[in-house]
Amino acid sequence: MIDQATIDRILDAAQIVDVVSEFVTLRKRGVNYIGLCPFHNEKTPSFSVSPSKGLCKCFSCGKGGNVVHFIMEHEQLTYYEALKWLARKYNIEIKERELTAEEKQSQNLRESLFIVNQFAAEYFQNTLYNSVDGQRIAMTYFRQRGFRDDTIKKFQLGFCTDNPHAFADTAIKKGHKEEFLVKTGLCYRKDDGSLRDRFWGRVIFPVHTISGKVVAFGGRVLSAATKNVQMKYVNSPESEIYHKSRELYGIYFAKQAIVRQDRCFLVEGYTDVISMHQSGVENVVSSSGTALTYDQIRLIHRFTNNITVLYDGDGAGIKASIRGIDMLLEEGMNIKVCLLPDGDDPDSFARKHNATDFQAYINDHEVDFIRFKTNLLMEEAGKDPIKRAELITSIVRSISVIPDAIIRSVYIRECSQLLKMEEKILVEATAKLIDKAREEKEKEAQRKKHRESLQQQANRQKGYNQNYQQPSTPVPPAPDRNVPLPTEITGEAQNSGENIQTNIPLPTDEMLFQPNEAQEMDSALSPASGTSDVEDNYTSLIPQEGIEDKVFFIQEQSLIQVIIRYGEKVMCIVEDEEGNEQPLTVIAFISEELRNDRLQFHTPLHRKILKEAEEHLSDTNFVAEHYFMANPDPEISLLAASMVSDRYQLSKYHSKGQKIITDEERLYELVPRLLVDFKLSIIEEEMKHTLQALASPEIANDPQRCTEIMTRYRDLQQTQSVMAKRAGDRVVNSY
């Protein structure tokens, strides 16, 4: 585990612009930076980074936080893994205590798989450099391909001997579990249950994530070393950490060059990337021989809007990749195509030319994709009218996916000249395809919304049964009470409406308590009867799901924001029992007020934040914002990061003198108002769900539970009345 002092050093050293820039191209705008969000597909930058606050946020998808949260989300790491990542980047030493056996057993699966992959990468490199076969067979092959020693080391190339059990035996001896060797795909089980190396007898090409972690491997067979093996290349299978459709070979080594050149070259294989790097062209990645995917395209789009696809002249390969290029157009990228000379692929061509000659050839021979596709298909169609019609349809389809209307118009005009067709016909055909695509998207959005609505209704239907817990403290007995229990329920609670329609008679004061019980209720609301453990005693009929748009939840969030931003601030001065003046902090006031009225935050995370705030309020130099931003619980620290943003300012208004009054300057009136509003709204919501519970046949047929819930309603009703008087006799909704 990492101690808090080390966490603080890491957070102080980590510069969010520096870290985010490794993964996203940022452009300065005012005091902040903007770029394309790395967490969702977008064409207009909405990802903002604030160096002064140390925060980032996408104002489209909502993801963001501090530098730790960014690394967690981007690299799919745990909180402590992200801290270690940052510590390595800034050369901060982490001293960790020895993990217990239980902690070792519960270590994150992803981390374990990455550890095994890193061990494998080092093993393969060691075998290449320090074994006889590695030097005699594998190194000879690499040098025949023209790879220099520095290039081999840069890409961490390796070798696995033709002993099909060598790696597995070594890994197990080093303490790595068979389970992880199989899950990474480094080994597989034979019918007899024994382990076998997947890459035996092959040279190894490690695949790196955008941050440089080894996520998979590719292995090429060497015919001189391996017999009776038909597959030339073998790749790691899909795993918990590896999804082929999301990775690009070489992206880790190319990302900075892509940003500098503002262009990315796309090739097919491992050796194409390596040879181009060695020749000095570093802004190159490979789709590893698979069809291009949206995830791969978005990975490139983070760094540049311009891409050049390099082909070796193989007609079949070109046609197969056209669909992928249409996907690039759909993402709004500028695509060009370059055909290399006959007999050359990017690997062989790069070995014959230096970077200057390579770039010069591409600049002279690259053409716009639409023109390239039109010429390619026209040559194939010839004078056949059917094929020409198919050609026109294919060209129009490619143009229709381009999001920019001006670029579409330019392409339509150019294609009209190339195809010798009226521009009007192409415009109409393109418009029809655009309308059809828009309708399909709208239908899919409606279907998705309908599915979500049905799911929410199902959750609400069973919500009160799942969330109701019998109170942990016994209900005070009322021997003289004669409460009529409902024996038949003919109405049905409307879960989604404000009014509850039911034939159950609503509980009245006469039904629920005797005259003297009102005084008992006032006594129960006094501080003397407060509860000591807010977490353990919390019961509620309000579901945990589907509350995001509820008034009480929004108000609860506002209170949590106040606690995080101003929790240790003194909001007013009060007198104790002896008449001495005492400062009252925001945390102390909110905590005491909720306890006095036997109320709590509904969301477990919010309750945890308040509890920690109470526990640490008396700590020396306690600052709530700093404490929660650096909290080891990633949920808390992420919420805190979002709460300190100006975007979430509770209110900001002008005084008579036109001076802006901030929240901190009026805590004495802001916090009590927020607190009263929250209390009234959560009681109102609780009463509504209490009546819904009474409408349930399951509860109506259970006299004991029915009595408990009706008593609960009585308590809520009385508390609501008291709260309304405190709020100045506000109008209270009646049920």
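The table below lists the values:
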| read-out | value |
| --- | --- |
| Residue match in segment 197-208 (condition: of a type in the set (A, V, I, L, M) and under 34 Å from the mean Cα position of the chain (by Cα)) | yes |
| Options Gln446, Gln417; residue that is open to solvent by 70 Å² or more (accessible area, probe 1.4 Å), under 30 Å from Pro543 (Cβ atoms) and out of contact with any Cys (no Cβ under 7 Å at 6 or more places or on another chain) | Gln446 |
| Lys424 vs. criteria surrounded by fewer than 15 Cβ atoms within 10 Å (Cβ to Cβ) and within 41 Å of the chain's Cα centre (by Cα) | no |
| Any hit, segment 302-319, residues being modelled with pLDDT of 85 or more and in a helix (DSSP H, G or I) | no |
| Conditions (1) touching a helix residue (DSSP H, G or I) at 6+ places or on another chain (Cβ under 8 Å); (2) aliphatic (A, V, I, L, M); (3) assigned to a helix (DSSP H, G or I); number of the one not met by Ile406 | (1) |
| Extreme residue, modelled with the lowest pLDDT, among residues of segment 24-36 that are surrounded by 15 or more Cβ atoms within 10 Å (Cβ to Cβ) and out of contact with any Gly (no Cβ under 9 Å at 6 or more places or on another chain) | Asn32 |
| Close pairs (8 angstrom Cβ cut-off, 6 or more residues apart or separate chains): closer than 19 Å to Asn375 by Cβ in segment 387-410, among the polar types (S, T, N, Q) and open to solvent by less than 50 Å² (accessible area, probe 1.4 Å) anywhere | Leu391/Thr374; Ile395/Thr374; Val396/Thr430; Ile399/Thr430 |
| Positions within segment 360-386 being at pLDDT 85 or above, part of a helix (DSSP H, G or I) and surrounded by 14 or more Cβ atoms within 10 Å (Cβ to Cβ), in sequence order | Tyr361, Ile362 |
| Close pairs from segment 570-594: first in contact (Cβ under 8 Å) with a residue 40 or more places away in the chain and surrounded by fewer than 16 Cβ atoms within 10 Å (Cβ to Cβ), partner of a type in the set (A, V, I, L, M, F, W, C) and assigned to a strand (DSSP E or B), Cβ under 8 Å, at least 6 apart | Cys572/Leu584 |
| Pairs with Cβ under 6 Å, 6+ apart, first in segment 227-252 and over 15 Å from Gly201 (Cα atoms) and in a helix (DSSP H, G or I), second open to solvent by less than 50 Å² (accessible area, probe 1.4 Å) and at pLDDT 90 or above | Ile251/Val285; Tyr252/His208 |
| Enumeration of residues in segment 597-626 that are more than 21 Å from Phe553 (Cβ to Cβ), touching a residue at least 12 places away in the same chain (Cβ under 8 Å) and not hydrophobic (A, V, I, L, M, F, W, C) | Glu614, Glu625 |
| Conditions (1) open to solvent by 50 Å² or more (accessible area, probe 1.4 Å); (2) modelled with pLDDT under 85; number of the one not met by Glu282 | (2) |
| Top-ranked residue of segment 658-683 - restricted to ones that are open to solvent by 50 Å² or more (accessible area, probe 1.4 Å) and either in contact with a helix residue (DSSP H, G or I) (Cβ under 7 Å, 6 or more places away or on another chain) or basic (Lys, Arg) (or both), ranked as modelled with the lowest pLDDT | Lys659 |
| So Arg196, is it open to solvent by 10 Å² or more (accessible area, probe 1.4 Å) and touching a Pro at 6+ places or on another chain (Cβ under 6 Å) | yes |
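Residue-wise test of (1) surrounded by 13 or more Cβ atoms within 10 Å (Cβ to Cβ); (2) free of Cβ contacts under 8 Å to residues at least 24 places away in the same chain; (3) hydrophobic (A, V, I, L, M, F, W, C).
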| site | (1), (2), (3) |
| --- | --- |
| Ala138 | yes, no, yes |
| Gln144 | no, yes, no |
| Phe147 | yes, no, yes |
| Lys154 | yes, no, no |
| Cys160 | yes, no, yes |
| His165 | yes, no, no |
| Gly175 | no, yes, no |
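The values are calculated or read from the model by the stated rules, or taken from the named source; none is laboratory data. Since the model is a prediction, treat every value here as computed from it, not as a measurement. All Cβ positions, even for glycine, are placed from backbone atoms using ideal geometry, and neighbour counts span all protein chains on display. These accessible areas exclude ligands, DNA and RNA; they are computed on the full protein's heavy atoms, side chains included. Shrake-Rupley method; radii C 1.70, N 1.55, O 1.52, S 1.80 Å.
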